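Just below is one structure, and these are the notes that go with it.
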Amino acid sequence: NIKNAKNGGGHLTASLVIHLNDVETGGDMVFTSMGVVARPTRGAAVFWYNQLQDGSNDKDTVHGACPILFGEKWVAKKLINLDDQFLQRQCGLVERGRFRFPINNVYLEDSPELVIAPAKTEPIKPIEPIEPIEPTQPTDPYSNKFVKYSVISPFGLQALLQLEWKLYPRIKQLYFKYRNRTKGAFREGFETQHQDVRTYLQDFEDSTKNFVDSVENLPTHNLQIVREVALNPVVMFKMVGRFRDYLQPWVEKLPSQDRILFA
């Protein structure tokens, strides 16, 4: 069925993915329709036909990749296009039949020694909604606008920590730059107007100084230290709270003509 193969089935007939390294956590390749999971193991390869024998797409080969929680994932991919193959490959006599290829020169379904058992599946339990926790004393009227349901991965926590470690020196530098330009009653007014900034800086320093040598020289690019600090329960709780109570409300208000620090 060359016409169907050329027009209806697309231009990709087969795929080969070779895993080049071991992944510490995550990164699985999942074929959801078939219930097949391929772990990213160094030297392992995954091969499949994207089309059926009649040239139509095999929807069961739709797949996805799980997030990489720790480590890196490197693969080599070879995509076999239909344009160079459709005159050479054999067409099947069964409509929507799948291509078969031997493993160690044996077709599994033809081997009397091998019995392929059906995959065991269990019904997926529905996830019960989690009641949002409202802050008892919100520090900002914009707090209720934020997303109430969120999932934070270990990788996301590390990225969040690195972002805050880059923002903290800049926020502190701007605060004292404009504060030092005032005196007397003007300084008191500035400090009152920007009390939330001072509270943020103090909270950051109190929760960070026990895990780094100095808050003035944060090891943003040392991934080992970043991972250890980001996954500490105390740091995690404090950091997420600061983003919710301070950083996000500040960003939402930009630009602010009433506060010179956010102008």
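The values are calculated or read from the model by the stated rules, or taken from the named source; none is laboratory data. No experiment lies behind these values; they were computed from the predicted model shown. Methodologically, a virtual Cβ is constructed for each residue, glycine included, from the backbone with ideal geometry; neighbour enumeration extends over all protein chains shown. Only protein heavy atoms, including side chains, enter the accessible area calculation; ligands, DNA and RNA are left aside. Shrake-Rupley method; radii C 1.70, N 1.55, O 1.52, S 1.80 Å.
Yes or no: region 30-43 includes at least one residue that is outside any loop (DSSP other than H, G, I, E, B) and loosely packed, with under 13 Cβ neighbours inside 10 Å. The answer is yes; a qualifying residue exists. When GLU95, GLU72 are checked against the criterion of being modelled with pLDDT under 80, charged (D, E, K, R) and open to solvent by 80 Å² or more (accessible area, probe 1.4 Å), a single residue qualifies: GLU95. Please specify each residue of region 48-60 satisfying the condition of being at pLDDT 80 or above and in contact with a helix residue (DSSP H, G or I) (Cβ under 9 Å, 6 or more places away or on another chain). Scanning region 48-60 gives TRP48, TYR49, ASN50, GLN51, ASN57.
Quick grid of which residues meet (1) at pLDDT 90 or above; (2) β-branched (Val, Ile, Thr); (3) in contact with a Ser or Thr (Cβ under 9 Å, 6 or more places away or on another chain):
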site: LEU20; (1), (2), (3): yes, no, no
site: THR25; (1), (2), (3): no, yes, no
site: THR32; (1), (2), (3): no, yes, no
site: ARG39; (1), (2), (3): no, no, no
site: ALA44; (1), (2), (3): no, no, no
site: VAL62; (1), (2), (3): no, yes, yes
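When region 29-71 is filtered for residues that are closer than 24 Å to ASN81 by Cα and among the charged types (D, E, K, R), the ones remaining, listed by number, are ASP54, ASP58, LYS59, ASP60.
Among the residues of region 153-170, are any open to solvent by less than 70 Å² (accessible area, probe 1.4 Å), of a type in the set (D, E, K, R) and at pLDDT below 90? No, because not a single residue in region 153-170 is open to solvent by less than 70 Å² (accessible area, probe 1.4 Å), of a type in the set (D, E, K, R) and at pLDDT below 90.
Looking across region 176-196, the residues that are within 19 Å of LYS253 (Cβ to Cβ) and aromatic (Phe, Trp, Tyr) come down to TYR178, PHE190.
Among the residues of region 194-212, those that are at pLDDT below 90 and open to solvent by 60 Å² or more (accessible area, probe 1.4 Å) comprise LYS209, ASN210, PHE211.
Taking each residue of region 18-44 that is among the hydrophobic types (A, V, I, L, M, F, W, C) and looking for partners that are part of a strand (DSSP E or B) and open to solvent by 70 Å² or more (accessible area, probe 1.4 Å) with beta-carbon atoms closer than 7 Å, six or more apart or interchain, yields MET29/ALA65; VAL30/VAL37. Taken over region 225-263, the criterion of being exposed (fewer than 11 other Cβ atoms within 10 Å of the Cβ) and either assigned to a loop (DSSP other than H, G, I, E, B) or modelled with pLDDT of 90 or more (or both) is satisfied by LEU254, PRO255, GLN257, ASP258, ALA263.
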